[in-house]
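The block underneath contains the structure these notes are about, expressed in structure tokens.
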Amino acid sequence: MDVVTLGETMIVFTPMASPSPLMRYSNSYSNNFGGAETNVAIGLSRLGHQVGWVSKLGKDEFGKSLLSSIRGEGIDVSQVKFDRSAPTGIYFKEVRNSQDVRVQYYRAGSAASRLEAADINEDYIKQAKFLHLTGITPALSQSCYGAVLRAISIAKEHGTKIIFDPNLRRKLWSEDRAREVLRELCSLADIVLPGVDEGAFLFHGEKDPEKLGELFLELGAELVILKVGAKGAFYFDGTTSELVEGFPVEQVVDPVGAGDGFAAGFISGMLDNLTIPKAVERGNAVGAMQTLVKGDYEGLPDHEELEAFVNRTATEDVVR
């Protein structure tokens, strides 16, 4: 197994464009699924990697549909459990325009929020090259926090590298608790993938990329990849810091999932033994591609699509 990830994925309802993208006026919705961890897993699977997902789903039609869809993307779901006494989480997404996407979650008491340390299989975690975690999972409940710590403990014992994306969700917990736990998990990870705004949240408003890189390294990470939006991402390894420029897109259709796409591309690059700058470049490319398609993961490419996008962008840059 190349990567194991764990966390909640939910059914997502999106208002149909006609007569309005606003929920208050909508009488029909499309439905799919979305979750940061499975977005990353799908991105990695499409790029040819073996990925497993650990979670819980309600024993309901939403849960059955979700599991079938994720299995269809090539993800190993052998560690996903059904809970008869709790529902699969859902959320609604309004894409008013590319700069205004509003999300309403209905996830309190969901099956995934009942994930606990006892659900983490040591043999499953230790076989992976990377354990991918986000700051969403520990925010769901105390038992989820315990599950994350258990997974980290197993990874450290067996030499599985830990990749942590803070993925701050302010609505899920208090700012003090969020800051405390996210800093703790950053200190336990080998590689951290924050954005500038998350860095500012964790370090008292600091937004200078170079200073943020140093601060994250001081917490204990070996490698920090700091995302700076369309500009690209910096990497910091303790000796070198460099900005790897992003890939411009003419029009953002849906920004949701861009960060997960970046994570998938970057981790794929690491698995393929690319240099750090080239792995970050792949992350930038996949993140950019995800913004071109409506949906949380639908824009994530396979290798052929990724290569075509990178080559086309390079050609356009030469022409300009």
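Every number in this text was worked out from the coordinates using simple rules, so none of it is lab data. Predicted model, so just to flag it, every value in this text is computed and none were measured. Here the Cβ is made from the backbone with ideal geometry for all residues, glycine too, and neighbour counts use every protein chain on show.
Overall, the chain carries a charge dipole of about 1060 debye about its Cα centre when +1 sits on the Cβ of Lys and Arg and -1 on the Cβ of Asp and Glu, all other atoms neutral.
Does the range 239-320 come out rounded, prolate or oblate, given a ≥ b ≥ c as the square roots of the eigenvalues of its C-alpha gyration tensor, rounded meaning a/c under 1.5 and, failing that, prolate meaning a/b above b/c? Don't jump to the answer; show the numbers that get you there.
Values: a/c = 1.58, a/b = 1.19, b/c = 1.34.
Oblate, since a/c reaches 1.5 and b/c is not below a/b.
Taking the Cβ of Gln50 as the centre, find all other residues whose Cβ is under 11 Å away and add up their charges (Lys, Arg: +1; Asp, Glu: -1). Around Gln50, the charge tally is -1. The phi torsions of the range 254-267, fed into the Karplus equation with coefficients 6.51, -1.76 and 1.60 and a -60° offset, translate into couplings of 8, x, 5, x, 5, x, 5, x, 4, 4, 4, x, 5, 4 Hz, rounded to whole numbers, with Gly and Pro shown as x.
Towards the positive end of the charge dipole of the range 3-313, with charges on Cβ (+1 Lys, Arg; -1 Asp, Glu), say which of Gly195, Ala111, Ser45 has the farthest Cα. Working it through, the farthest residue towards the positive pole turns out to be Ala111. With R₀ fixed at 22 Å, the C-beta to C-beta distance from Glu184 to Val101 puts the FRET efficiency at about 0.15. When DSSP beta bridges are restricted to pairs lying wholly in the range 44-113, around 55% turn out antiparallel. Between His158, His132, His49, the Gaussian network model of the chain with springs among Cα atoms under 10 angstrom shows the greatest mean-square fluctuation at His158. Label the range 3-313 by shape, choosing from rounded, prolate and oblate, from the square roots a ≥ b ≥ c of the eigenvalues of the Cα gyration tensor; if a/c is under 1.5 it is rounded, and otherwise prolate applies when a/b is larger than b/c, oblate when it is not. Rounded, since a/c falls under 1.5. When the GluC sites (Glu not before Pro) in the range 187-230 are filtered for DSSP coil states and for at most 15 other beta-carbon atoms within 10 Å of their beta-carbon, the remaining sites are Glu206, Glu222.
Per residue, how big is the convex hull of the range 1-79 when only Cα atoms are used? Give it in Å³. Don't jump to the answer; show the numbers that get you there.
Working: hull volume 8.0 nm³, N = 79.
It comes to 101 Å³ per residue, whole-number rounded.
Each residue in Ile154, Ile191 was given a count of other beta-carbon atoms within 10 angstrom of its own, and listing them fewest first yields Ile154, Ile191.
In the range 3-313, what percentage of the DSSP-assigned beta bridges are antiparallel, given to the nearest 5? Each step should come with its number before you reach the end.
On the way: 22 of 48 bridges.
Of all bridge pairs located within the range 3-313, approximately 45 percent are antiparallel.
The shape of the range 107-219 comes out oblate: with a ≥ b ≥ c from the C-alpha gyration tensor, a/c is at least 1.5 while a/b does not beat b/c.
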